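This report concerns only the one structure given below.
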Amino acid sequence: MKDVCIVGVGNMGGAMLDILESHKMFNAWGCRKKDDLNVCIGRAEVVVFAVKPQNFEAMVKEIEIDLDDRLIVSIMAGISLERLKKSLGSNNVVRVMPNLPLKVGKSLSGWIASPETEEYQKQFVKTMLRCLGDEIEVDEESKIDAITALSGSGPAYFYLLAEEISKAAQEYGFSEEDANLISESTLVGAGALLRSEGVAAKTLRERVSSKGGTTEAAMKKFGEHNYSKIVSIAIEAARKRSEELNKN
Ligand SMILES: NC(=O)c1ccc[n+]([C@@H]2O[C@H](COP(=O)([O-])OP(=O)(O)OC[C@H]3O[C@@H](n4cnc5c(N)ncnc54)[C@H](OP(=O)(O)O)[C@@H]3O)[C@@H](O)[C@H]2O)c1
């Protein structure tokens with residue numbers, strides 16, 4: 001399998017196309033609004049749908065060819081495996097929830113395949129998603145809502161903390177530019193170290209928090225103000241919202 005058509009070359013589809021084009025193992029092309037959808041998907045073994053969920057049904061109406069022998073991959077939020085199967089007439093469907101770092105080849109993509117999807121097709125999806133970053137296959141579709149709340153919205157949680165660090169830096173008299181550099185560099189450095197050490201975040205946090213030191217003083221305040229509870233409440237709100245949106 002090699003021939004991949006990406007329908008919807010926007011933020012996510014465009015980034016995905018750039019990455020797949022850079023790997024020789026794929027022959028990838030995009031299908032834009034102005035292109036003939038049936039010609040574009042007609043010669044593909046794998047069709048990736050990356051249009052906005054609200055444009056999905058209108059796009060389906062344009063499809064005249066039989067897709068039942070194709071592998072369908074959808075990154076559209078809130079469109080279930082069942083709906084994909086019914087609308088597209090293929091049983092080999094895979095639902096993927098990537099996140100925005102896909103734009104720099106560092107997505108975390110949670111995915112699930114329909115039970116009819118063949119093992120070799122699942123292997124293909126795994127390989128493709130690994131070119132975009134990391135991947136996790138989930139064992140039930142409801143976990144796509146959890147993935148949406150955890151890694152889908154996750155970058156914003158870290159950005160919020162980075163924003164607060166930058167604000168604090170400005171309060172201490174740093175220029176906006178320096179303050180942003182302090183928070184950005186700390187976020188990127190902490191992430192890179194976490195990846196290279198290959199240990200849990202908790203282990204690194206404990207290593208940084210020496211007894212009686214500055215980090216420990218900060219950690220105590222996070223604890224007193226229930227940081228852990230706030231984060232879990234926020235993530236659960238995102239998961240519930242994803243569940244609600246998926247029902248529509
Ligand atoms: N952004 C994220 O962080 C994120 C994360 C996970 C999943 N997703 C999912 O990824 C999908 C794409 O999101 P996005 O942020 O990349 O949206 P986007 O930038 O709006 O991209 C969608 C693209 O699809 C095009 N399009 C619409 N109808 C089409 C048609 N009939 N044929 C061909 N192309 C068509 C749009 O063209 P026009 O602009 O001309 O309408 C646009 O270029 C969504 O379903 C979203 O749920 C996004």
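Relative to the longest principal Cα axis of the chain, at what angle does helix 214-224 sit, 0 to 90 degrees, rounded to 10? Between the helix axis and the principal axis of the chain, the angle is about 70 degrees.
Electrostatic tally near MET25: other residues with Cβ closer than 12 Å to its Cβ, Lys and Arg +1, Asp and Glu -1, net +1. Taking the C-alpha atoms only, the angle from helix 176-197 to the longest principal axis of the chain is near 70 degrees. Our note on the geometry: Cα centres of the range 93-121 and the range 160-219, 31 Å apart. For the chain, averaging the sequence separation of C-alpha pairs within contact (under 8 Å, six or more residues apart) and dividing by the residue count gives a relative contact order of 14 percent. ASP69 contributes an accessible area of around 110 Å² to the protein surface, as traced by a 1.4 Å probe with all chains present. For the range 1-59, the relative contact order is 47 percent, taking Cα pairs closer than 8 Å that sit 6 or more residues apart in sequence and dividing their mean separation by the residue count.
Taking the Cα centre of the chain as origin and assigning +1 to Lys and Arg Cβ atoms and -1 to Asp and Glu Cβ atoms, the resulting dipole is close to 340 debye. Specify the angular offset, from 0 to 90 degrees and rounded to the nearest 10, of the alpha carbon long axis of helix 119-132 from the longest principal axis of the alpha carbons in the chain. Helix 119-132 and the main axis of the chain meet at about 50 degrees. Taking the Cα centre of the range 7-101 as reference, the dipole from Cβ charges on Lys and Arg (+1) and Asp and Glu (-1) amounts to some 260 debye.
Among the listed pairs LYS106/LYS126; LYS34/LYS85; LYS34/LYS86, which have their C-alpha atoms separated by more than 18 angstrom in this model?
Correct reply: LYS34/LYS85; LYS34/LYS86.
When the chain is treated as a GNM, springs tying every alpha-carbon pair under 10 Å, which of LYS34, LYS52, LYS86 comes out with the largest mean-square fluctuation? Taking springs between Cα atoms under 10 Å, the residue moving most is LYS34. Of the beta bridges in the range 1-81, as assigned by DSSP with both residues counted there, near 0 percent are antiparallel.
First obtain the Kirkwood hydrodynamic radius of the chain from its Cα pairs, then insert it into the Stokes-Einstein equation at 10 °C and 1.306 mPa s, and state the resulting D in µm² per second as a whole number.
D, rounded to a whole number, is 79 µm²/s.
For the chain, give me the percentage of DSSP beta bridges that are antiparallel, rounded to the nearest 5 percent.
Once the DSSP bridges in the chain are tallied, antiparallel ones form about 15 percent.
Helix-only arithmetic for the chain: the sum of -39500 (n - 2.57) across DSSP H runs with n ≥ 4, divided by the residue total, places the mean residue ellipticity at 222 nm at -16500 deg cm²/dmol.
Database note for the chain: Cys without another Cys beta carbon under 4.7 angstrom, CYS5, CYS131. Protection proxy ranking for 76-84, 153-161, using the average of other Cβ atoms within 10 Å per residue and placing the highest first: 76-84, 153-161.
The values are calculated or read from the model by the stated rules, or taken from the named source; none is laboratory data. As the structure is a computational prediction, the values presented were derived from the model and not from experiment. Using ideal geometry, Cβ is built from the backbone for each residue, glycine included, and neighbour counts are taken over all protein chains shown. For the accessible areas, the whole protein counts, side chains as well, though only heavy atoms, and no ligand, DNA or RNA atoms are used. Shrake-Rupley method; radii C 1.70, N 1.55, O 1.52, S 1.80 Å.
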